[in-house]
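Undergrad: If you scroll down you'll find the structure; I have some questions about it.
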Amino acid sequence: MKLRALGCCTSFGGRRSLSPVLGRQEKRASVPRTLTAIVWLFVTVGTPVFTGLTQADVQATPSPSPSPSLRRRAPTVDALQGMRALDELKGTAEQLGALVERTTRKRYVDCLLAFGDEEFCGCLRDRLPAVASFDMYVAVVTSTKEERASANLTQDRRQLVEAVLSGREACVAEHVKRK
């Protein structure tokens, strides 16, 4: 029996086969004909033979359907369009977040190259508006009030310049306190 479990005998029905493990012939036990018939019925006809059901009984039985509360309804066109718009919005937000991250990182590195002070550049990185590059920062802080006043700036640009100046003042105040 252990040799059969190892797969060394390959024939059925009382035939003899060479056993690769023993190097001699081994007589296999024959499978009873009734067991063979039951296996054949099970494989060809299926389980209804053993439960007393006929094939017609099995086919006539309706398949169970889920309760109305569990049925999944197909999404409407509006819902699909809403899901598409949401996916596009998520993609745009991710791109915008990546752009802000790159701009902020570049501003920090440029500041380190110019000033070499990690604390001050970290403060500028955190306090300046995301759209303000380091070049813009330098242009704003090196310009005079008269130059900024005479420039034809839109309201948004004026607010951006004011945010850059207030961020710089806060960072300079922190830097002076630490020193």
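Undergrad: Using each residue's phi in segment 82-88, evaluate 6.51 cos²θ - 1.76 cosθ + 1.60 at θ = phi - 60° and report the 3J(HN,Hα) Karplus result to the nearest Hz, with x for Gly and Pro.
TA: Taking θ as phi minus 60°, the curve returns x, 5, 5, 4, 5, 4, 5 Hz for segment 82-88.
Undergrad: While we're looking at this one, here's another question. Using only the alpha carbons of segment 92-178, determine the length spanned along each of the three principal axes and report them from longest to shortest in whole angstroms.
TA: Its Cα atoms span 40, 33, 19 Å along the three principal axes.
Values quoted throughout were computed directly from the atomic coordinates according to the rules given, and no laboratory measurement underlies them. It should be emphasised that the depicted structure is a prediction, and the values quoted were computed from it without experimental measurement.
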